[in-house]
Amino acid sequence: MRDALDHSPGERLGVDEYNAAVGERFWDIRQFGFWKLERQQTFAEPDDPSWVAFDRGDWGLALQLIAQRRGEFEDDRRRMRETGFSSYRVRVVEEPLTPYLQWELQLLRLMGSISDEIRVLDAAHVRDHESGRPLPELVTVEHDLTFEVLYDGNGVLSGAVRHVGTEITTVCREFIQSLYAAGENVVSYVDREVAGLPPPTRR
(Lines give C-alpha, C1' and ligand atoms only; values in the text may rest on other atoms or scores of the structure.)
Protein backbone atom coordinates (compact mmCIF):
# COMPACT_ATOMS: atom_id res chain seq x y z
CA MET A 1 0.00 0.00 0.00
CA ARG A 2 2.77 2.43 0.87
CA ASP A 3 4.49 1.61 -2.42
CA ALA A 4 1.39 2.67 -4.32
CA LEU A 5 1.28 5.97 -2.44
CA ASP A 6 5.02 6.52 -2.88
CA HIS A 7 4.58 6.26 -6.65
CA SER A 8 1.61 8.60 -6.75
CA PRO A 9 2.27 12.34 -6.92
CA GLY A 10 0.72 14.02 -3.92
CA GLU A 11 0.25 17.49 -2.51
CA ARG A 12 1.02 18.22 1.13
CA LEU A 13 -1.80 20.00 2.95
CA GLY A 14 -1.89 21.64 6.35
CA VAL A 15 -4.63 20.85 8.85
CA ASP A 16 -7.00 23.60 7.74
CA GLU A 17 -6.44 22.78 4.06
CA TYR A 18 -7.09 19.10 4.69
CA ASN A 19 -10.29 19.72 6.63
CA ALA A 20 -11.50 22.11 3.93
CA ALA A 21 -10.66 19.66 1.13
CA VAL A 22 -12.63 16.86 2.78
CA GLY A 23 -15.46 19.17 3.77
CA GLU A 24 -16.05 20.52 0.28
CA ARG A 25 -16.64 17.01 -1.09
CA PHE A 26 -18.08 15.25 1.95
CA TRP A 27 -21.82 15.62 1.43
CA ASP A 28 -21.56 15.17 -2.34
CA ILE A 29 -20.44 11.56 -1.89
CA ARG A 30 -22.72 9.05 -3.58
CA GLN A 31 -21.62 5.95 -5.47
CA PHE A 32 -18.26 5.03 -3.93
CA GLY A 33 -18.67 6.41 -0.44
CA PHE A 34 -16.23 7.63 2.17
CA TRP A 35 -13.71 5.03 3.39
CA LYS A 36 -11.28 5.41 6.28
CA LEU A 37 -8.46 3.24 7.60
CA GLU A 38 -7.05 3.82 11.08
CA ARG A 39 -3.89 1.92 11.97
CA GLN A 40 -1.99 3.95 14.57
CA GLN A 41 -2.80 2.92 18.14
CA THR A 42 -2.47 6.26 19.90
CA PHE A 43 -3.54 9.74 18.85
CA ALA A 44 -4.13 13.01 20.66
CA GLU A 45 -7.34 14.97 20.07
CA PRO A 46 -7.04 18.18 22.10
CA ASP A 47 -10.05 19.73 20.33
CA ASP A 48 -12.37 16.96 21.55
CA PRO A 49 -13.82 17.67 25.04
CA SER A 50 -14.27 13.96 25.74
CA TRP A 51 -10.65 13.21 24.85
CA VAL A 52 -9.53 16.10 27.09
CA ALA A 53 -11.52 14.62 29.99
CA PHE A 54 -9.99 11.20 29.31
CA ASP A 55 -6.51 12.73 29.09
CA ARG A 56 -6.83 14.31 32.52
CA GLY A 57 -8.15 11.09 34.05
CA ASP A 58 -11.88 11.81 34.28
CA TRP A 59 -13.21 8.66 32.62
CA GLY A 60 -16.78 9.16 33.78
CA LEU A 61 -16.97 12.60 32.20
CA ALA A 62 -15.29 11.32 29.03
CA LEU A 63 -18.01 8.70 28.61
CA GLN A 64 -20.73 11.21 29.45
CA LEU A 65 -19.48 13.60 26.78
CA ILE A 66 -19.41 10.81 24.20
CA ALA A 67 -23.01 9.91 25.04
CA GLN A 68 -24.05 13.54 24.58
CA ARG A 69 -23.06 13.31 20.91
CA ARG A 70 -25.88 10.87 20.12
CA GLY A 71 -28.05 13.61 18.65
CA GLU A 72 -25.19 14.74 16.40
CA PHE A 73 -24.77 11.25 14.97
CA GLU A 74 -28.52 10.79 14.57
CA ASP A 75 -28.60 14.03 12.55
CA ASP A 76 -25.74 12.72 10.43
CA ARG A 77 -27.62 9.48 9.80
CA ARG A 78 -30.74 11.32 8.66
CA ARG A 79 -28.70 13.44 6.27
CA MET A 80 -26.88 10.36 4.97
CA ARG A 81 -30.19 8.69 4.17
CA GLU A 82 -31.50 11.82 2.44
CA THR A 83 -28.42 12.20 0.26
CA GLY A 84 -27.59 8.53 -0.38
CA PHE A 85 -24.24 8.95 1.38
CA SER A 86 -22.31 6.06 2.96
CA SER A 87 -19.37 6.20 5.37
CA TYR A 88 -17.18 3.21 6.22
CA ARG A 89 -14.25 2.82 8.60
CA VAL A 90 -11.78 0.08 9.50
CA ARG A 91 -10.17 0.37 12.93
CA VAL A 92 -7.07 -1.84 13.29
CA VAL A 93 -6.50 -2.85 16.92
CA GLU A 94 -3.64 -4.39 18.84
CA GLU A 95 -4.25 -6.01 22.19
CA PRO A 96 -3.80 -5.15 24.97
CA LEU A 97 -5.54 -1.97 23.95
CA THR A 98 -3.78 1.35 24.44
CA PRO A 99 -5.60 3.78 26.74
CA TYR A 100 -6.35 5.98 23.74
CA LEU A 101 -7.89 3.11 21.82
CA GLN A 102 -10.05 2.13 24.78
CA TRP A 103 -11.41 5.68 24.69
CA GLU A 104 -11.79 5.88 20.91
CA LEU A 105 -13.61 2.56 20.69
CA GLN A 106 -16.31 3.92 22.99
CA LEU A 107 -16.83 6.78 20.55
CA LEU A 108 -16.74 4.47 17.53
CA ARG A 109 -19.29 2.18 19.15
CA LEU A 110 -21.76 5.05 19.37
CA MET A 111 -21.05 6.11 15.80
CA GLY A 112 -21.30 2.53 14.58
CA SER A 113 -24.64 1.99 16.26
CA ILE A 114 -26.16 5.07 14.63
CA SER A 115 -24.44 6.52 11.59
CA ASP A 116 -21.21 5.09 10.19
CA GLU A 117 -20.46 1.50 9.18
CA ILE A 118 -17.43 0.60 11.33
CA ARG A 119 -15.51 -2.64 11.69
CA VAL A 120 -12.62 -3.63 13.92
CA LEU A 121 -9.72 -5.74 12.64
CA ASP A 122 -6.95 -7.40 14.63
CA ALA A 123 -3.50 -6.14 13.65
CA ALA A 124 -2.42 -9.70 12.84
CA HIS A 125 -4.47 -9.43 9.65
CA VAL A 126 -2.38 -6.53 8.29
CA ARG A 127 1.16 -7.62 9.21
CA ASP A 128 1.85 -9.06 5.76
CA HIS A 129 1.03 -5.69 4.19
CA GLU A 130 3.39 -3.63 6.32
CA SER A 131 6.93 -4.72 5.33
CA GLY A 132 8.63 -2.96 8.21
CA ARG A 133 6.39 0.13 8.04
CA PRO A 134 2.90 0.37 9.50
CA LEU A 135 0.03 0.96 7.14
CA PRO A 136 -0.78 4.61 6.49
CA GLU A 137 -3.83 6.36 7.86
CA LEU A 138 -6.04 6.63 4.78
CA VAL A 139 -9.21 8.37 3.65
CA THR A 140 -10.80 7.94 0.22
CA VAL A 141 -13.56 10.19 -1.07
CA GLU A 142 -15.68 8.95 -3.97
CA HIS A 143 -13.78 7.66 -7.03
CA ASP A 144 -10.86 10.04 -7.36
CA LEU A 145 -9.63 11.54 -4.08
CA THR A 146 -7.31 9.96 -1.49
CA PHE A 147 -5.71 11.45 1.60
CA GLU A 148 -2.81 9.99 3.53
CA VAL A 149 -3.53 11.56 6.91
CA LEU A 150 -0.47 12.74 8.86
CA TYR A 151 0.19 13.16 12.58
CA ASP A 152 3.03 14.69 14.56
CA GLY A 153 5.15 12.89 17.14
CA ASN A 154 2.47 13.43 19.79
CA GLY A 155 -0.27 11.93 17.66
CA VAL A 156 -1.90 15.28 16.84
CA LEU A 157 -3.26 15.78 13.34
CA SER A 158 -0.72 17.72 11.27
CA GLY A 159 -2.28 17.58 7.79
CA ALA A 160 -2.39 15.16 4.90
CA VAL A 161 -1.01 14.31 1.50
CA ARG A 162 -3.70 14.65 -1.16
CA HIS A 163 -3.67 12.26 -4.10
CA VAL A 164 -6.04 13.02 -6.96
CA GLY A 165 -6.87 10.33 -9.48
CA THR A 166 -9.09 7.34 -10.10
CA GLU A 167 -6.27 4.77 -10.19
CA ILE A 168 -4.67 5.48 -6.80
CA THR A 169 -8.07 5.99 -5.18
CA THR A 170 -9.36 2.68 -6.52
CA VAL A 171 -6.28 0.87 -5.20
CA CYS A 172 -6.64 2.43 -1.75
CA ARG A 173 -10.42 2.03 -1.53
CA GLU A 174 -10.35 -1.61 -2.59
CA PHE A 175 -7.60 -2.31 -0.07
CA ILE A 176 -9.64 -0.78 2.74
CA GLN A 177 -12.69 -2.71 1.54
CA SER A 178 -10.76 -5.98 1.74
CA LEU A 179 -9.85 -5.23 5.36
CA TYR A 180 -13.42 -4.19 6.09
CA ALA A 181 -14.70 -7.52 4.77
CA ALA A 182 -12.45 -9.34 7.27
CA GLY A 183 -13.41 -7.17 10.23
CA GLU A 184 -15.96 -7.41 13.03
CA ASN A 185 -18.77 -4.97 13.69
CA VAL A 186 -17.54 -2.40 16.21
CA VAL A 187 -20.60 -2.78 18.44
CA SER A 188 -20.14 -6.50 19.02
CA TYR A 189 -16.39 -6.09 19.46
CA VAL A 190 -16.69 -3.34 22.07
CA ASP A 191 -19.46 -5.13 23.95
CA ARG A 192 -17.35 -8.27 24.19
CA GLU A 193 -13.78 -6.98 24.55
CA VAL A 194 -13.94 -3.42 25.86
CA ALA A 195 -17.09 -2.80 27.90
CA GLY A 196 -15.86 -4.77 30.91
CA LEU A 197 -12.39 -3.24 31.09
CA PRO A 198 -11.44 -0.98 34.01
CA PRO A 199 -11.05 2.72 33.20
CA PRO A 200 -7.86 3.37 31.24
CA THR A 201 -4.94 5.04 32.98
CA ARG A 202 -3.74 7.91 30.85
CA ARG A 203 -0.98 9.27 33.07
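The values are calculated or read from the model by the stated rules, or taken from the named source; none is laboratory data. Computed from a predicted structure; not experimentally measured. Note that each Cβ is placed from the backbone with ideal geometry, even for glycine, and that neighbours are counted across all protein chains shown.
The residue of segment 38-76 that is modelled with the lowest pLDDT, among those that are of a type in the set (Asp, Glu) and buried (at least 16 other Cβ atoms within 10 Å of the Cβ), is Asp76. Against the numbered list (1) over 19 Å from the mean Cα position of the chain (by Cα); (2) over 30 Å from Arg127 (Cβ atoms); (3) not charged (D, E, K, R), Phe26 comes up short only at (1). Among the conditions (1) surrounded by fewer than 21 Cβ atoms within 10 Å (Cβ to Cβ); (2) in contact (Cβ under 8 Å) with a residue 12 or more places away in the chain; (3) in a loop (DSSP other than H, G, I, E, B); (4) not β-branched (Val, Ile, Thr), the only one that Leu135 does not satisfy is (1). Taken as a whole, the structure places Arg79 among residues that are basic (Lys, Arg) and surrounded by fewer than 18 Cβ atoms within 10 Å (Cβ to Cβ). Which one is nearest to Phe54 (Cα to Cα) among residues in segment 155-203 that are of a type in the set (S, T, N, Q) and at pLDDT 95 or above? Per the criteria, the residue is Ser158.
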